[in-house]
1. Could you tell me how many degrees, from 0 to 90 and to the nearest 10, lie between the Cα long axis of helix 277-293 and the main elongation axis, the longest principal axis, of the Cα atoms of the chain?
2. Give the shape of segment 113-214 as rounded, prolate or oblate, defined through the alpha-carbon gyration tensor: a ≥ b ≥ c are the square roots of its eigenvalues, a/c under 1.5 means rounded, and otherwise the shape is prolate if a/b is larger than b/c and oblate if not.
3. Given only helices, namely DSSP H runs of n ≥ 4 each adding -39500 (n - 2.57), what is the per-residue ellipticity at 222 nm of the chain, to the nearest 500 deg cm²/dmol?
4. Please determine, in degrees from 0 to 90 and to the nearest 10, the orientation of helix 71-82 with respect to the longest principal axis defined by the Cα atoms of the chain, where the helix direction is its Cα long axis.
5. Rounded, prolate or oblate: which fits segment 250-395 when a ≥ b ≥ c are the square roots of the eigenvalues of the alpha-carbon gyration tensor, with rounded for a/c under 1.5 and prolate only if a/b beats b/c?
6. Can you compute the FRET efficiency between residue 519 and residue 166 using 1/(1 + (r/R0)^6), with r the Cβ-Cβ distance and R0 = 60 Å? Round to the nearest 0.05.
7. For a quick protection proxy, order the peptides 462-474, 220-232 by their average other-Cβ count within 10 Å, most packed first.
8. How much length would be gained if the chain were fully extended between residue 144 and residue 629, taking 0.36 nm per residue of separation minus their Cα-Cα distance, in nm to one decimal?
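The values are calculated or read from the model by the stated rules, or taken from the named source; none is laboratory data. It should be emphasised that the depicted structure is a prediction, and the values quoted were computed from it without experimental measurement. Because the Cβ atoms are built from the backbone with ideal geometry, glycine has one as well, and the counts that use them run over all protein chains shown. Accessible surface areas use protein heavy atoms only, side chains included; no ligands, DNA or RNA. Shrake-Rupley method; radii C 1.70, N 1.55, O 1.52, S 1.80 Å.
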Amino acid sequence: MQNPQTLPQYFLQQVEKYGRDKIALRQKEFGIWQEYSWQDSYENVRDFALGLIALGVQRGDKVSTVGDNDRQYLWGYLALQAVGAAQVGIYTDAIPDEVAYVVGHSDSTFVMAKDQEQCDKMLEIREKVPNVKRVIYWDEKGLWSYDEPWLISFEEVQAMGRELAEKEPDRFDTEARLGKEEDLAVLCYTSGTTGLPKGAMLSHGNLVQNAAMFQEADPRADTDNHISLLPLGWIGEHALGIAPHVYTGIIINFPEEPETVRENVREIAPENILYNSRLWESLVGMVQVKINDTTWLNRKLYEWFLPVGYKMADKKFSQEAEGLGLRLAYALGDLTVFGPLRNQMGMTNIRTAYTSGAALSPDVIRFFHALGVNLKQVYGSTEVTGGLTLHRDGDIKFASVGKPAPGADVKIAESGEILMTGPSIFQGYYKNDAATAEALTVDEDGRRWFHTGDAGYVDDDGHLIYLDRVKDMITLANGEKFSPQFVEGRLKFSPYIRDVMAVGDETRPFATALVVMDFGNVANWAERRGLGFTTFIDLSQKDEVYELVRAAVSDVNESLPEKGRVRRFVLMHKEFDADEAEMTRSRKLRRNVLYDKYDEIIEAMYGDSDLVNVKATVRYQDGREATIETSVKIASLG
């Protein structure tokens, strides 16, 4: 296809180029990887697109989608865009009220809901979303007994499309070719850390230009494998998964189940992978726990060679020659330790690994480079179509988020806020002109700048250094500058810490922290030592667990200015929960909610007591729940 402008048009170009001669995607089902050629994808996309037309989808419509990443999700995504509609992604674990807000606010006229669970959510909120004409499902398990005309299967829609294709064989290609780069492709809702989510309007041009920028900075081949596992309610998978799939022809692989992701990644051993910071932190914990559980010899090999890996990583970061001795030592470490660990993580063939979302701790980036994983930071947001800065090979600073992508630019406002411009800057917020005007400014050259709300600076080498959210940067009462997110990232490097909210403000004389233990890792640690426990609360309040976490906090304090160190902390009696609005669906802290909800604990940390009483809901293994009152310990550090 000549001069494609939209994602479906690039898709048609790949179909014309490869047909049945090349795999477009794989999906594991019933233990077997099923393969689909570009022609297979074309036929499925065509039939579903024409079925949408038969159902009444119009150009300019919005279609919400909620469900795990799989081939039907991808085919539906491209199909609805081919007929001029825009895709609206919803997190799979969103509760009904959250689904109702996004579907209603986006004015969606149709919803793709994968299975019984998602269809039940739609049926529960039906009266709240009167614009929705039909709900389309593609996993019929559990839905056989439903007698509800509002629901229709993916296969039924495709059958309607085949009927239309017989009457109008050129209709699909004609519709797809009508698209323009300025057309709305995706309405992607932001995390909503301080209020209701806002719908960021991203055009086809935004997504295509973003794919082109990344292809120039970090080329991917049409033989590369990509694992599609991050939720399409988040921009990352759109920008670094679907867009490169149609733009460069990379192969998309869909895991069998969310629970089998690690196993499936290992089977595919992709050349490129995108994890959010949470998953990278989880992998660090997995490696550290496995090492603790392995044989004496393997533990010793790890202890011997990890410092060698760090030395090699530091040489690369500083662009210094490694020296023959270091290269030989690293080669031996790679044979005995690093290579087997990469294999366990499915990174045997990895060429480029990306982290995006919340900023990843420098400790984590350095750790993976020590293991031989070429991990690169990508920085951006939904409003810039994912990322506008990234690390380059041979120019990685683990404390930075890289340099601007080709065609993009960054500057720092007088307030210290990071501003970004480039061809992938979004069109604005849907139905929110005031927020759009606040987020976007136009300079004298006509360039549109997005105000990120983040604080940072550009170093002498042109690398962007991210500090924290502007509103979260704090000056303590003792005059010390304090970045909560920096402290939180460093603490989460511990395999025994899952979440942290660092606390401090201009009225507080020192910093404190609410720490959530990683229950799985701490439970394994406790069981190996014969430490008995019954519930999350019980384990979290053990003196031995407090000492375990105290050691991690002390280590982080060593890297902080004396006046900015964490002086007191509590081990929380429960995990932070997105269902309770304590976190967003992309697992960013809602600090205002946490401050209000745990105000008594925070105040107690700045008092004289070593205990604070809280009410907590306990969930037992048999499913029973009970509300109890318990005491949470407050730990102090020198």
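1. Between the helix axis and the principal axis of the chain, the angle is about 50 degrees.
2. oblate
3. Calculated at 222 nm, the ellipticity per residue is -11000 deg cm²/dmol.
4. For 71-82 against the chain, the angle is about 60 degrees.
5. Numbers: a/c = 1.87, a/b = 1.24, b/c = 1.51.
Taking the square roots of the gyration eigenvalues as a ≥ b ≥ c, segment 250-395 is oblate.
6. About 0.60, to the nearest 0.05.
7. Top of the packing list down: 220-232, 462-474.
8. Net length gain for the segment: 170.1 nm.
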